[in-house]
1. Could you sort the peptides 462-468, 275-281 by per-residue average Cβ neighbour count (10 Å cutoff), highest mean leading?
2. Could you state the angle between the C-alpha long axis of helix 24-36 and the longest principal axis of the C-alpha atoms of the chain, as a value from 0 to 90 degrees rounded to the nearest 10?
3. At 0.36 nm per residue, minus the direct Cα-Cα distance, what do Lys221 and Tyr684 gain on full extension? Give it in nm, one decimal, please.
4. Separation of segment 181-241 and segment 619-678 by C-alpha centroid, Å?
5. Compute the projected area of the convex hull of the Cα atoms of the chain, averaged over all viewing directions, and report it in nm² to one decimal place.
6. Compute the helix-to-body angle for 340-359: its Cα long axis versus the longest principal axis of the chain, expressed 0 to 90° and rounded to tens.
7. Can you tell me the equivalent ellipsoid semi-axes for segment 163-552? Use √(5λ) from the Cα gyration tensor, largest first, whole Å.
8. Starting from 0.36 nm per residue, how many nanometres of slack lie between Ala607 and Glu495 once their C-alpha separation is accounted for?
Amino acid sequence: MRTVSDYFGSLVFDDRVMRAKLPSDVYASLKRTIDEGASLDTHVADAVATAMRDWAVEHGATHFTHWFQPLTGVTAEKHDSFIAPSPDGGVIMEFSGKELIQGEPDASSFPSGGLRATFEARGYTAWDPTSYAFIKGHTLCIPTAFCSYSGEALDKKTPLLRSMQALNKQALRVLKLFGNEDVKCVRPCVGPEQEYFLIDKAMYEKRKDLVFCGRTLFGAKPPKGQELDDHYFGAIKPRVEAYMEDLNTELWKLGILAKTEHNEVAPSQHELAPIFSVANIATDHNQLTMEIMQKVASRHGLVCLLAEKPFAGVNGSGKHNNWSLATDTGVNLFKPGETPYENAQFLLFLCAAVQAVDNYQDLLRLSVATAGNDHRLGANEAPPAVISIFLGDELTAVLDAIETDTPYSGTEKTVLKLGVHVLPKFTRDTTDRNRTSPFAFTGNKFEFRMVGSSDSIACANIMLNAAMAETLKEFADRLEGVSDFESALHDLIKETIKAHKRIIFNGNGYDDAWIKEATEKRGLLNLRTTPDALATVLEKKNVEMLTSLKIFSEAEIRSRYEICLENYCKTVNIEGLTMVDMVRKEILPAVEAYLGDLSGTVAAKTAAVPGLACKYEKDLISKLSKLADEISDAASSLDTTLIRLKAIPDVTDAAYVIRDVVLQKMAELRVVCDEAESITADKYWPFPTYGDLLFGVR
Ligand SMILES: NC(=O)CC[C@H](N)C(=O)O
């Protein structure tokens, strides 16, 4: 039997393959490009392309594609076969260095958020040699960045790579101050925990809301939900187990480090978590993971729902983004060290994260802002829309002690002197206690829990890296060249704690009292909806930070603002239209059919026994008939609003109408439909119910 280690990474042109297949000088040169960003010359590119082609063809590939991440949030690919005609009438398989390095997909149909007006529609894709090429189906996929000819990023990978570069530069400056001359590179490492729902495919196909929107727009609460907590970590059902097994095999073949799997809180909800990797690879891998999760589900007669809130009344799905910083010498900068010096360094990086999150709360919030995630954040199942940091009581007490120069009880009652004393050993706080926090320190990393399950993790990590780079830059500017490093460091840490401790909160984030305290006493932002959050990207401090670090140009920021808002408007518009369609073509006809049969029953019964009261039927007919009128009115009102919406030219104005009017009307329509469902006989209801969907996979 083949073991996992036999086939792990078998579809990846990884370091093992490169070492075996490339001439040693080519391998050394490519490694320099991968590790140090050195540019690649043409003969190296040609040699790599040839080896890649031979390897891919051996593995059954017939095509290649530049695989990229446009601003749609999903990945894109355009396949070209390797074939070229040979003089004898046959074909040879060709792939050049030029084709490896650069491609020219026709970009005119990807969202560009107004950027297109300023440059040619055609963009180009450029190989990202730091992320390995892989085979999907019969196609060699080459991870690439996607840019315009004038250099504007049209994708999510380019700004992510830029943010990693900025962070590397500033982190190295800070590390030098601590005497770490041997460190050549600092990289953000990410492990995204992916939550998802698995439902039966045949049932899925009967619901237009699931097919068009990926989430239910109607559904009366079933008798059983998640109240017994019997699904969380429960035994995995055989059908789901078979799916997970198949999924793991596919992911492992692609070198994706799928590690943990379990049932989540809601019925039919599950989670898959990988081992950490460098941020851009983790991003590529998560995109691939989401794609393969859906593909494999189909083979098992299942559908994998990635929407943040596919069902009302039970938990939604997030993608908790575990984030840390690692040096090429193997040090995790968020891990408390063993020596006083390491501890001082740890505290400085920790304080930088605190300041970064406080100063750029808005950017972190908007990095996860989508129509789908708005239903999840703040619904007492995922973090609220207010950003705060959980540090745990022990670490918070250490920071308090430093801030006030008071003894910390954990260290034999001495006043902590940075660079002299070691920190006490922290017991790791259990993740259970962090569950309500948007940004939780978990011993050696931060867990950014606000990311939505269907989101690309690129945006969240771009903003995290950017905010951290900016803060480290400020710290390095201040500390470089000081005569007494230890006291300057002490002052900086103390001041940072004082200035930014308002963002630290170890209590229950679901508590209404916290939201009040956060916004009223602490002045933290509460950006409840996507339009509220997105608007903040255009604020001067944010534009200045992102442009000065060269992560985005101003035009790129504007384009992303437009695209995200447009996406919000389009998503909700599709949902509204789907509701109207389902009501008019399915729900009302079903209710009417039931009403017709009930009325027929009354007529038949009174014909048989004249004078019979038929109270049960008549009450039901009155109630349902009244609901049918209300449903019809609510659907018309929603429909009229959607028509009005179309006439609003400005996307920001449209987004506010959605936030304030459309979503409200959708909610009103749902209430009456769900009520009708709860009193309509099962056999009339036109599509599978919540009970069927949530408990249908056995
Ligand atoms: N067990 C959990 O951590 C639940 C998390 C929750 N599903 C979320 O949306 O974030």
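Read-outs throughout are calculated quantities, based only on the coordinates presented, and are distinct from any laboratory measurement. Note that this is a predicted model, so its numbers are computed, not measured. Every residue, glycine as well, gets a Cβ built from its backbone with ideal geometry; the counts of neighbours run over all protein chains shown.
1. 462-468, 275-281
2. So the inclination is approximately 70 degrees.
3. Here the segment from Lys221 to Tyr684 would lengthen by 164.9 nm.
4. Between the Cα centres of segment 181-241 and segment 619-678 lies a distance of 28 Å.
5. The directionally averaged projection comes out at 38.3 nm².
6. In the chain, helix 340-359 runs at an angle near 40 degrees to the longest axis.
7. 38, 22, 20
8. Computed gain between Ala607 and Glu495 is 31.6 nm.
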